[in-house]
Amino acid sequence: MSSTSKRATPRWLRRAPWEHGSGGLIGLGLVMLMQPWSIDVYSYGFTVLLAGVIGYTIAGKLPQT
């Protein structure tokens, strides 16, 4: 028996879904910053964009499989 046996990574902790979700947040934040109709949506655009960038950075550290 090996002491360095690989344990299965939980499905919710894998990299791909978190990267896709974070990429979606980045895209949403950009759209929110570029729309000309609502100042309220614009004011939250940077926060959403920043959350997406931070999430993408953290997701890059998660295991791939």
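The values are calculated or read from the model by the stated rules, or taken from the named source; none is laboratory data. A quick note: this is a predicted structure, and the numbers were derived from the prediction, not measured. Every residue, glycine as well, gets a Cβ built from its backbone with ideal geometry; the counts of neighbours run over all protein chains shown.
So, of the residues in segment 1-34 that are of a type in the set (S, T, N, Q) and modelled with pLDDT under 95, which turns out to be surrounded by the most Cβ atoms within 10 Å (Cβ to Cβ)?
Residues of segment 1-34 that are of a type in the set (S, T, N, Q), as a first pass: 2-5, 9, 22.
Checking the rest, the ones that are also modelled with pLDDT under 95 come to 2-5, 9.
Details: S2: 5, S3: 4, T4: 4, S5: 6, T9: 13.
So, considering only residues that are of a type in the set (S, T, N, Q) and modelled with pLDDT under 95, the one surrounded by the most Cβ atoms within 10 Å (Cβ to Cβ) is T9.
Given the conditions (1) surrounded by 14 or more Cβ atoms within 10 Å (Cβ to Cβ); (2) part of a helix (DSSP H, G or I); (3) in contact (Cβ under 8 Å) with a residue 12 or more places away in the chain; (4) not small (G, A, S), and given that L62 satisfies all but one, which numbered condition is not satisfied?
(2)
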